[in-house]
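Colleague: Mind having a look at this structure? Questions to follow.
The values are calculated or read from the model by the stated rules, or taken from the named source; none is laboratory data. Owing to the predicted nature of the structure, the values given are computational and were not obtained by experimental measurement. All Cβ positions, glycine included, derive from the backbone under ideal geometry; neighbour counts span all protein chains shown.
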Amino acid sequence: MQVARLVRRVGGTIALAGCIALGGFAAPAAFAVPGNNGTIKIDNVEFDDDPANEPHVDCTFQVDFYGYDEGDLFADLTFRAHPPTGNGEILDTDRLFIGGDDNSGGGSEAGLDASETYTLDFTGFEPDQQGFHVKLTINAEGSQGADTKHKVFWVEPCPPKPTPTDTQTPSEKPSESPKPSESATSPAPVPTDVPAGADGASGGGSAAGLLGLAVVAGGAVAGTAVLARRRFLHDS
C-alpha cells in the first residue's frame, strides 16, 4: 500500500517536471514563428534607435520599424489628416523595405529594421492648440492574418520660411547718345598753287610775258597805221 503511494507520488513529480521542461522549450519556438510581428514607433528630434514612442513631435520626425520578419518584405505607409485637423485627407505616402533581418530583438535597438524621416505638408489645414493631428496606417507584408497597424500623433507646425529681402537691381546703363554723322559734302580744298608773279622766283616769267604782249600790240598798231595810209593814198 505504501509502495503504491510512493510510486504515484514519484510519477506525478516526473510528469510535472516534464511539463515544465516542455513549456520552457516551446516558448522560444513560438516567438520565432513568423506572423503579425513588428512594432512602429514615432521618433522626435534628436533622432535615435531607442524604441520609445513620442506622440508629440516637431515639424520633422521619424518613423521606426522594429521586430519585423526577415525576407523580401515591404511596408506601405499612409499619412492622413485626423480630426480635428481633417477628415482622412491623405498627406503623404511611402514604401519601405523592412525585411533585413529576423524578428528577434523587436523591443530593443537591435531589432530596428527600418527608419525614415518625414516633413508633412499641411497646406490648407489649420493647426489645433496641440498642432496637426495625424493618423499613420502601416500595411506590412509577411503577416499572417491582419497586416495593418495604426499610429495617431500630433505634429507641430513648421516655422515660417524667411521671406527674401528686396534687393534693388542696378539700373541699366544709359545708352550713349549717337555721334553726329560726318557731313556728306567734304570741305572745299584749300588752294596751294601760288599765282605767277606772287613771289620773286616767278617775276622773270611775268615780265617776259608783258614784253611779248607789248611787241604784239605795237605790231598791231603799226599794221593798222600802214593799212590806213595805203587807203588814204588810194583814195587821193
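For every residue, the table says whether it meets (1) over 20 Å from A52 (Cα atoms); (2) surrounded by fewer than 16 Cβ atoms within 10 Å (Cβ to Cβ); (3) within 28 Å of the chain's Cα centre (by Cα).
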residue	(1), (2), (3)
L73	yes, no, no
L77	no, no, yes
H82	yes, no, no
G86	yes, no, no
D92	yes, yes, yes
L112	no, no, no
L120	yes, no, yes
K135	no, no, no
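Colleague: Among the residues of segment 108-144, what is the count of those that are in contact with a strand residue (DSSP E or B) (Cβ under 7 Å, 6 or more places away or on another chain) and either closer than 15 Å to I40 by Cα or modelled with pLDDT under 90 (or both)?
Modeller: 16
Colleague: Does G86 meet the test of being among the small types (G, A, S) and within 20 Å of P160 (Cα to Cα)?
Modeller: no
Colleague: Follow-up. Looking at segment 63-109, which of its residues are within 12 Å of T39 (Cα to Cα) and β-branched (V, I, T)?
Modeller: V63, I98, listed by residue number.
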